[in-house]
Amino acid sequence: MAEAALIDGKVHAEHLREQVRLEVAKLVAEHGLQPGLAVVLVGDDPASQIYVRSKGEHSLAVGMHSVTHRLPADVSQEALESLIGELNADPLIHGILVQLPLPAPLDEKSVLAKINPDKDVDGLHVINAGRLASGLAALTPCTPLGCMILLRETLGDLTGLRAVVVGRSVLVGRPVAQLLLQADCTVTIAHSRTKDLAAVCREADILVAAVGRPRMIKASWIKPGATVIDVGINRVPFDDPEKAAAGKTKVVGDVDFKAAKAVAGAITPVPGGVGLMTVAVLLQNTVTAAKRLNGLPD
Ligand code: NDP
C-alpha cells in the first residue's frame, strides 16, 4: 500500500491567513470595520510569551487592530476581571483571548466567564460550548476548528464517515466531536476509561488523537486508508543517546507517526500539522466575531 498523504499544516495555515487578510481588507474598505484582537498575558511563562507574540504579529500581518496587555503574575483577580470588562466595552476590540494557563491563585473559570461570549474568540466560554453542543452559531475553540478545516480540505464531504476522537477535554476532544457531529459523521468519543481502545480506533475512517501521550496510537490501531489527525504536542528526549544525555528534547504527537503513515490514507505530522492551524483560526474567529457584532453575515 502507498504511504499516507501528508496533511501539511503550514500550507493550509498560510492559505487561511491569506483568506483572512483579504476579508479584513474587504471589511475595512466596504464597512470601515477593522477587526480588533486583544490578547491578555499574565506573568512571564516563556512558552506563553512566545504564543502571545506570535498571535500579535500574525494579527497585525493580516491588517487587524491588535493589542497585547501584559500583566504581572501577582495581578489581583479583580484587576484582571476589570480589564476584561474594559475590553468587553471597547468598540475597537472584537476578540478577547486570555492566554492560559493563568498563574496560581488566579481563577481561570471565573476570568473566562467574564468575557463577552460574542468576543470569546478562544471559544471557551460555557455559552459558546453550549451553543456548539446545541448546533447554534458559536465561537468555536481554535484547534478543533483547525482540525475540521484540515479534514474538509483533505476529504471534502464528511457525511456518514465513522469518526473516533480519543480525548474528551473541554479544549479539544469535546469540541472536535461536536464539530464532527455537525458535519454528519458518526462520532465516538474515547477516553482513559474506554475498553479496548485499539478496537474502537480501528473502526475510524477519521481518527483524531488529542490525548497528550507520546506515540500512544499504534499503526495496528489504524484502519487502512483512514485519515489521522494528531493534535498531540509532547516533548520527549531525542532517540540519539548523545543528544538525550545532553538533555535535548523534541516534539512528537500522540500517534506513532513513522509506523502509522504506512497504514493511514492521510496523516498530519507533528510538528507541522494541526499546531500551525491554531493561530490562523484565531484570526478567522476574530473576523467572524467582528462581523457578527456588527450585524454582518458570516
Ligand atoms: P487533556 O489532558 O486535557 O485531555 C487528555 C484526554 O486524553 C483526556 O480526555 C483523557 O481521558 C484522555 N486520555 C489520557 N490518557 C489516555 C489513555 N491512556 N487512553 C485514552 N485516553 C486517554 O489534554 P488536551 O485535550 O488539552 O490536549 C491533548 C493534546 O493536544 C496534548 O498533547 C496537548 O499538548 C495538545 N494540544 C495541542 C494544541 C495545538 O495543536 N495547538 C492545542 C491544545 C492541545 P480522561 O478524560 O478519561 O482523563
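The values are calculated or read from the model by the stated rules, or taken from the named source; none is laboratory data. Given the structure is predicted, the values throughout are model-derived calculations rather than measurements. So basically every Cβ, Gly included, is an ideal-geometry build from the backbone, and we count neighbours across all protein chains shown. All accessible areas refer to the heavy atoms of the entire protein, side chains included, with ligands and DNA or RNA removed. Shrake-Rupley method; radii C 1.70, N 1.55, O 1.52, S 1.80 Å.
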Ranked order, GLU153, GLU81 - accessible area, probe 1.4 Å, largest first: GLU153, GLU81
Computed accessible area, ARG21, all protein chains, 1.4 angstrom probe, square angstrom: 100
Lys, Arg +1 and Asp, Glu -1 on Cβ, resulting dipole of segment 78-217 about Cα centre, debye, nearest 20: 700
About the Cα centre, charge dipole magnitude for segment 236-298 (Lys/Arg +1, Asp/Glu -1 at Cβ), debye: 220
Protein-only accessible surface order, largest first, of GLU78, GLU108 at 1.4 Å: GLU78, GLU108
10 Å-binned pair-distance histogram of segment 1-116 (Cα, whole percent): 12, 36, 29, 16, 5, 1
The chain, relative contact order in percent, only Cα pairs under 8 angstrom and at least six apart counted: 22
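Given a cut-off of under 8 Å on Cα pairs at least six residues apart, what relative contact order in percent is computed for segment 164-224? Intermediate results must be reported in sequence, preceding the final value.
On the way: 75 pairs, mean separation 24.7, N = 61.
Relative contact order here is 40 percent.
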Segment 122-177-segment 2-78 distance, computed between alpha-carbon centres (Å): 20
The chain - accessible surface per residue (Å², probe 1.4 Å): 47
Gaussian network model of the chain, springs between alpha carbon atoms under 10 Å - residue of THR68, THR278, THR286 with greatest fluctuation: THR68
Exposure of LYS119 as accessible area (Å², to 10), given a probe of 1.4 Å and all protein chains: 10
Values of log10 I(q)/I(0), in the order q = 0.16, 0.27, 0.33, 0.34 Å⁻¹, for segment 185-229 under a Debye, Cα-only, solvent-free model: -0.38, -1.17, -1.61, -1.64
Rounded percent of accessible protein surface that carbon and sulfur make up, segment 1-103, 1.4 Å probe: 56
Area of MET277 that stays accessible when all protein chains are in place (1.4 Å probe, Å², to 10): 0
Cβ charges +1 (Lys, Arg) and -1 (Asp, Glu), total dipole of the chain, debye: 680
Accessible surface of segment 133-262 [probe 1.4 Å, protein heavy atoms]: carbon and sulfur percent: 53
Subset of LYS26/LYS119; LYS10/LYS223; LYS55/LYS291; LYS223/LYS250; LYS223/LYS261; LYS223/LYS258 violating a 18 Å alpha-carbon distance limit: LYS26/LYS119; LYS10/LYS223; LYS55/LYS291; LYS223/LYS250
Built amide H within the under 5 Å cut-off of VAL40, gap 5+: HIS69, LEU97, VAL98, GLN99
GNM result for the chain, Cα springs below 10 Å: residue of ALA104, ALA89, ALA198 fluctuating most strongly: ALA104
Computed over segment 127-213, the ratio Rg/Rh where both radii use C-alpha atoms and Rh is Kirkwood: 0.95
Computed over the chain, Kirkwood Rh from alpha-carbon pairs, angstrom: 20.1
Stretchable slack from ARG70 to ARG21, in nm (0.36 nm times residue separation minus alpha-carbon distance): 15.1 nm
Within a Gaussian network of the chain (alpha carbon springs, distance under 10 Å), most fluctuating of ASP240, ASP230, ASP122: ASP240
